[in-house]
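The values are calculated or read from the model by the stated rules, or taken from the named source; none is laboratory data. Please read these numbers as outputs of a predicted model, since none were measured by experiment. A quick note on method: Cβ atoms are made from the backbone with ideal geometry, for glycine too, and the neighbour counts reach across all protein chains shown.
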Amino acid sequence: MEPVAHITPKRSHFIWAFCLLAAVIAAGASAIILRNGIKIPSDGWAYWEGSVSLLHGRGYYHFTGRRIWSWPPGYPLYLAACQSVGGVSGATLARANTLLAAFAAFAWTAAFLLPFRRAFDAARATRPLTLVYPLLAVIFIALTIATGFRTAMAHNLVYTLYPLVLYVTFRAVQPEGRDRGAIGLALLNAVLMSLLIATHYSFIFFPPLVAAVTLLHRGRRRAIRWWAAGVTCIIPLAAWVILAKSLGQWANHKPGSRPLFTWSQYAHQVLTGVANLFGPGRHHLGQMLLVGACVVIAVCLFRGRFQENPARRVVAMYLLLSAGFLGCLYVAFNTIAIAEPLYSERFMLFIPLTIFPAAGMLFWQSRWETSRAARADDRPARPASPALGRLISALGCILLVAIPLAAAGRTLHWAREARINGGPVDLARAARDQGFGYNRLTLDYRLPDGPPRFAGDQILVAPAREVPAAKPRPATSSTARR
């Protein structure tokens, strides 16, 4: 019997619909979370100072005139571009974050779904119900990004570029296509990693990792692999040297400084920090979901160890690069004094964004391959699966539903926090009691020392919408600031 050609079209835009859905969900959730205000930590204030200075043509400096030497200018350049259109305001910062959340959700979804284009088209034509599993992964990606992009920090731009590097690396080492295409992808990857380093210097570890993976993967000829590895390693590192030298940031975060925690404490921070990103940090739900996702990945890889399918190639590449980068961060934190713990969301967000979509796509590919083999011509009916197999499948289904629900719970939690701790109220109180003034939506960038701080590194909450200016009260002996 001839195969039916029309049910597996060569070109389909169905995956792009999933990507757009992820972008819409992420943008909507981010807008809800940031509707009252966006938090600006001390690092974020420096990024914002640099963006305003760049916008006004004064170079990359603090408002005091001192050169910014700890933070690269990638994210401030993005903020400057946004503020050139929307003005210097808290509303513009919130919209810039929302825009990045939408782009990041689109990029992560495309990175995981584009390698499955043919299987996606075939599944949509024959068994559309199986697309529920990729849909759950898309929902998790969108909600996790929306809750992770709550503050004005450079990692918002980092995690928008990161999935592009993963996907381009995957494409560059595949044997399909001409060698000229592999060279072009290597150059594109070098540009993307240069942008990553220009956004945050922790990604100086990434080019050597990508070069090692490119060199060891045997999908291309040896000469092409060596050329691509050299390009992807040398160009970003050269860009880093030039940027750090020109901005006077060469001595930033010197190695050999005494770390704040021990090796074992950093290892515990990694485990607990990643687990908390899978769900609300209560009743060990995040730990259970993390273990469950890792079990699904291990079982699917073990069951399909003798099969060559897109899921194994994609998941192996993405997990290998992410695990390598996590190891580099772990070593860096143990050799450099960094004020923030390793379990910080901005350092760990790429782990859940890699692990759960990988588990979801492996599980979907496994079930799709099994059902397709059972429907093949001249095949005997599939025997009843053993009880253990049915149990594993049931647990996998439950897990793939529970993780997006947990992400939705985190999103609702932060939306509720934003409603209770309204930004306008906090900012008005700061203006009245601490002498921090603002003009309607515009943040006062003439402050020499940043926002008012209390014990514990007080953060500023910038209003995301127009609010009436607080009326200043005359200073008296009882209300004067100590």
Of the residues 101, 46, 94, which is closer than 30 Å to residue 314 by Cα and among the hydrophobic types (A, V, I, L, M, F, W, C)? 101
Quick one: which residue in 172, 186, 146 is within 22 Å of residue 28 (Cα to Cα), touching a Ser or Thr at 6+ places or on another chain (Cβ under 7 Å) and surrounded by 22 or more Cβ atoms within 10 Å (Cβ to Cβ)? 146
So residue 132 clears everything in (1) in a helix (DSSP H, G or I); (2) free of Cβ contacts under 8 Å to residues at least 40 places away in the same chain; (3) within 30 Å of residue 248 (Cα to Cα) except one condition, right? Which one? (3)
In segment 46-73, how many residues are surrounded by fewer than 21 Cβ atoms within 10 Å (Cβ to Cβ) and within 12 Å of residue 153 (Cβ to Cβ)? 1
Do you know which residues across segment 123-140 are at pLDDT 75 or above and aliphatic (A, V, I, L, M)? 131, 132, 135, 136, 137, 138, 139
Counting only residues that are part of a helix (DSSP H, G or I) and either small (Gly, Ala, Ser) or touching a Phe, Trp or Tyr at 6+ places or on another chain (Cβ under 9 Å) (or both), which one in segment 118-129 is surrounded by the most Cβ atoms within 10 Å (Cβ to Cβ)? 123
Return a yes/no flag: does segment 199-210 have any residue that is of a type outside the set (Ser, Thr, Tyr) and under 10 Å from residue 173 (Cβ atoms). yes
Only residues that are farther than 24 Å from residue 74 by Cβ, assigned to a helix (DSSP H, G or I) and modelled with pLDDT under 85: list them for segment 221-249, please. 222, 223, 224, 225
Only one of these is free of Cβ contacts under 8 Å to residues at least 24 places away in the same chain, over 30 Å from residue 171 (Cα atoms) and of a type in the set (A, V, I, L, M, F, W, C): 81, 29. Name it. 81
When (1) over 30 Å from residue 246 (Cα atoms); (2) in a loop (DSSP other than H, G, I, E, B); (3) not basic (Lys, Arg) are applied to residue 137, the one that fails is (2)
